[in-house]
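Participant: I am attaching a structure below and will ask some questions about it afterwards.
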Amino acid sequence: MVKILIDNVKNINSKILNAIYKTLEFSIILFIISIYILYLYNISPLSYDLLASSILIFKVGLCTAISGFLYGFFIHKIKE
């Protein structure tokens, strides 16, 4: 099962792979922003909104990373 998945990822078109990389880069940027906001909240917990916003940004980054990878994989499967 895992070997089949790895072989499918190796055969993905370069345009689709580039789109997957761009989505992963964007989600990593969102992760860094959310960690920085969480760090600011840890230094001086002025408002609960900082904590809530950092958790929300982290969730958005996680959903973006997963959906970008899955959409790229599904588009590759449809084009085959």
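The values are calculated or read from the model by the stated rules, or taken from the named source; none is laboratory data. This is a predicted model, so every value here is computed, not measured. Every residue, glycine among them, receives a Cβ derived from its backbone with ideal geometry; neighbour counts consider all protein chains shown. Heavy atoms of the whole protein, side chains included, go into the accessibility calculation; ligands, DNA and RNA do not. Shrake-Rupley method; radii C 1.70, N 1.55, O 1.52, S 1.80 Å.
Participant: Roughly how many debye, to the nearest 20, is the charge dipole of region 15-80 about its Cα centre, given +1 on each Lys and Arg Cβ, -1 on each Asp and Glu Cβ, and no other charges?
Facilitator: It comes to approximately 280 debye.
Participant: Still on this structure: Eigenvalues of the Cα gyration tensor times 5, then square-rooted: what semi-axes does that give for the chain, in whole angstrom, largest first?
Facilitator: 35, 10, 10
Participant: Oh, and also: Multiply the residue separation of SER47 and LYS10 by 0.36 nm, subtract the distance between their alpha-carbon atoms, and state the gained length in nm to one decimal.
Facilitator: Gain on stretching SER47 to LYS10: 8.7 nm.
Participant: Excluding ligands and nucleic acids, what accessible area in Å² is computed for LYS22 using a 1.4 Å probe, to the nearest 10?
Facilitator: Looks like 120 Å² after rounding.
Participant: Within the accessible area of the chain, what % is carbon and sulfur when the probe is 1.4 Å and the other protein chains stay in place?
Facilitator: 73 percent
Participant: From the residues ILE55, LEU70, LEU30, which one has its Cα farthest along the dipole of region 9-80 in the positive direction, the dipole being from +1 and -1 charges on Cβ of Lys/Arg and Asp/Glu about the Cα centre?
Facilitator: Comparing the listed Cα positions along the dipole, LEU70 ranks first.
Participant: Taking only protein heavy atoms into account and a 1.4 Å probe, give the accessible area per residue of the chain in Å².
Facilitator: Result: 77 Å² per residue.
Participant: Now for a different question. From the gyration tensor of the Cα coordinates in region 33-80, what semi-axes in whole Å does the equivalent ellipsoid have, largest first, with each one equal to sqrt(5λ)?
Facilitator: 35, 8, 4
Participant: Describe numerically, in nm with one decimal, the distance between label points set 7 Å from Cα along Cα→Cβ at VAL2 and at ILE55.
Facilitator: Calculated label separation equals 3.2 nm.
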